[in-house]
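> Let me give you the structure first, and then I'll get to my questions.
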Amino acid sequence: MAKEKKSVRLEHISKIYQDPKTKKDFYAVNNAHLEIAPGAFVTLLGPSGCGKTTTLRMIAGFESPDFGEIYLGGEPINALAPNKRDTAMVFQSYALLPHYNVFDNVAYGLKLRKQDRETIKRKVLSILDLVGLSGMEGRMTNQLSGGQQQRVALARALVLEPGVLLFDEPLSNLDAKLRVTMRTEIRRIQQEAGITAVYVTHDQSEAMALSDQIIIMEKGVVAQIGTPQEVYYHPSNEFVADFIGEANFLRGKLAGGGKAEICGHMVEVPPSAGRPAGQDCTLVLRPESAVLADQGQLPCKVILSCFMGSYQNYHVTVGDTLVKITDFNPKSKKIYQVGDNAWVNFSRDDVHVL
Ligand code: ATP
């Protein structure tokens, strides 16, 4: 569908705003340096205010960086107006034209580009088919559901055959169930259209489900770039570990030889290249990677034991540290009760050393 899949490169991009209250300047985006491969689906993920939308708007040309250069398909684009860039944006608010029907909403951008009637008709009908709206051409947009309106918004961007499609939290206005359906649809359509996509969300499950690569931002800074598996299993810091899924943090000291001392007990950890014994460390342990047993690595006391159907949810204390444990398929297992003394077990490859 797209003329050409394009790469996106941000070279040391910063954006400075003034805080309206304090009148002080601050970095909304601070030295973002990253490359998005042609055809990739990449998500900008992070908490509210971390600079995701500002980054996306700079790629679209609605904001200009104060420092750095943005490249699209290898070409510098800072100086180009939004309508001269090979990008199209899908907005959270859909931004549809209320007095136009579905066909005219999708055709609008092509008419502005002075394409002939036959071409417009062919392209619009083909895109409506791709987004699953065939037969709805004549409907007014206020006769559509939220999900259908979002499909029109997507069709309107896709029909321009941009090199890069930009999404600004496109599913936030939909209910939870429809969000899940629509994100699968967006991924299918992006792959069928063979287009590079940059997608802003603060929803980590949306990012995990959609992305080839996730860019995690914290306070204007890119904290980590990686596949969903990389950021989940090998987070670069505690912020990333905590933001993506749930994490337990066990603090102690490296003991050398693939071991660490946690609360006075030696546990096996993956070799931490080049880090000396005696150095402080934090082990990231995912709740589903830990199990309770009658003996094992770290002694603990059970303070919460809750049956959740597909899993037993435990909270235990190891020394002063709270550890959350998700034990799947509990039917066939021993269930520990509040007040029980037990042991936390995990395999060496299931912890990540920070
Ligand atoms: P959200 O998920 O809430 O949309 P975000 O990660 O997309 O957040 P941005 O919209 O990029 O965050 O905003 C980054 C920071 O810049 C925030 O502190 C925001 O208040 C501030 N900001 C955004 N636009 C402006 C502006 N035009 N003037 C001043 N500050 C701004």
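> Mind checking which of 332, 226, 314 is farthest towards the positive end of region 222-354's charge dipole, using Cβ charges of +1 (Lys, Arg) and -1 (Asp, Glu) about the Cα centre?
About the Cα centre, the residue reaching furthest to the positive side is 332.
> Could I ask something else about it? Amide H to amide H, which residues 5 or more places from residue 7 or on other chains are under 5 Å from it, using H placed in the peptide plane?
73, 74
> Work out the length of the dipole vector of region 155-203 about its Cα centre, built from +1 on the beta-carbon of each Lys and Arg and -1 on the beta-carbon of each Asp and Glu, and round it to the nearest 20 debye. If you can, show how the numbers build up before the last one.
Values: 6 positive and 7 negative charges, 30 e Å.
Once rounded to the nearest 20, the dipole reads 140 debye.
> Over the chain, what is the relative contact order in whole percent, taking alpha-carbon pairs under 8 Å and six or more residues apart?
Values: 753 pairs, mean separation 57.3, N = 354.
This gives 16 percent for the chain.
> Mind putting a number on the dipole of the chain about its Cα centre? Charges go on the C-beta only, +1 for Lys and Arg and -1 for Asp and Glu, and I need it in Debye to the nearest 20.
Details: 39 positive and 39 negative charges, 172 e Å.
It works out to roughly 820 debye.
> Would you mind putting 159-169, 144-154, 299-309, 20-30 in packing order, based on average other-beta-carbon counts within 10 Å, highest first? Walk me through the intermediate numbers first.
Details: 159-169: 22.5, 144-154: 20.8, 299-309: 14.7, 20-30: 13.2.
The most tightly packed comes first, giving 159-169, 144-154, 299-309, 20-30.
> For region 106-174, state what percent of all Cα-Cα pairs lands in each successive 10 Å bin, counting from 0 Å until the bin that includes the largest distance.
It works out to 20, 52, 26, 2, in whole percents.
> Quick one: dipole size for region 1-68, taken about the Cα centre, charges +1 on Lys/Arg Cβ and -1 on Asp/Glu Cβ, in debye to the nearest 20. Present the calculation step by step, with values, prior to reporting the outcome.
Details: 10 positive and 7 negative charges, 35 e Å.
Using Cβ point charges on Lys, Arg, Asp and Glu, region 1-68 gives about 160 debye.
> While we're looking at this one, here's another question. When the Cα atoms of the chain are enclosed in a convex hull and the volume is divided per residue, what value in Å³ results? Show your work: numbers first, answer last.
Values: hull volume 65.0 nm³, N = 354.
Value for the chain: 184 Å³ per residue.
> Of all the C-alpha pairs in region 65-165, what % are more than 21 Å from each other? Please list the in-between numbers first.
Values: 1878 of 5050 pairs.
The share of Cα pairs beyond 21 Å in region 65-165 comes to 37 percent.
> In nm, to one decimal, how far is the modelled label at residue 332 from the one at residue 116, with both set 7 Å along Cα→Cβ?
Computed distance between label sites residue 332 and residue 116 equals 6.8 nm.
> Sort 121, 52 so the one with the fewest other Cβ atoms within 10 Å of its own Cβ comes first. It would help to have the intermediate numbers written out before the result.
Details: 121 15, 52 27.
If I rank by nearby Cβ atoms, fewest first, I get 121, 52.
> Here is a further query. What whole-number distance in Å separates the alpha-carbon centres of region 271-305 and region 118-167?
One Cα centre to the other: 51 Å.
> Something else about it: Which residues' amide hydrogens lie under 5 Å from the amide hydrogen of residue 221, considering only partners 5 or more residues apart or on another chain, with H built in the peptide plane?
30
> Here is a follow-up. Exposure proxy check: 275, 286, 139 ranked by fewest other beta carbons within 10 Å? Intermediate values should be presented prior to the final figure.
Numbers: 275 13, 286 21, 139 16.
Sorted ascending by nearby Cβ count, the order is 275, 139, 286.
FYI, it's all coordinate maths here, none of it is from the lab. As the structure is a prediction and not an experimental result, all values here were calculated from the model. Cβ coordinates were reconstructed from backbone atoms using ideal geometry, including for glycine residues, and neighbour counts include every protein chain displayed.
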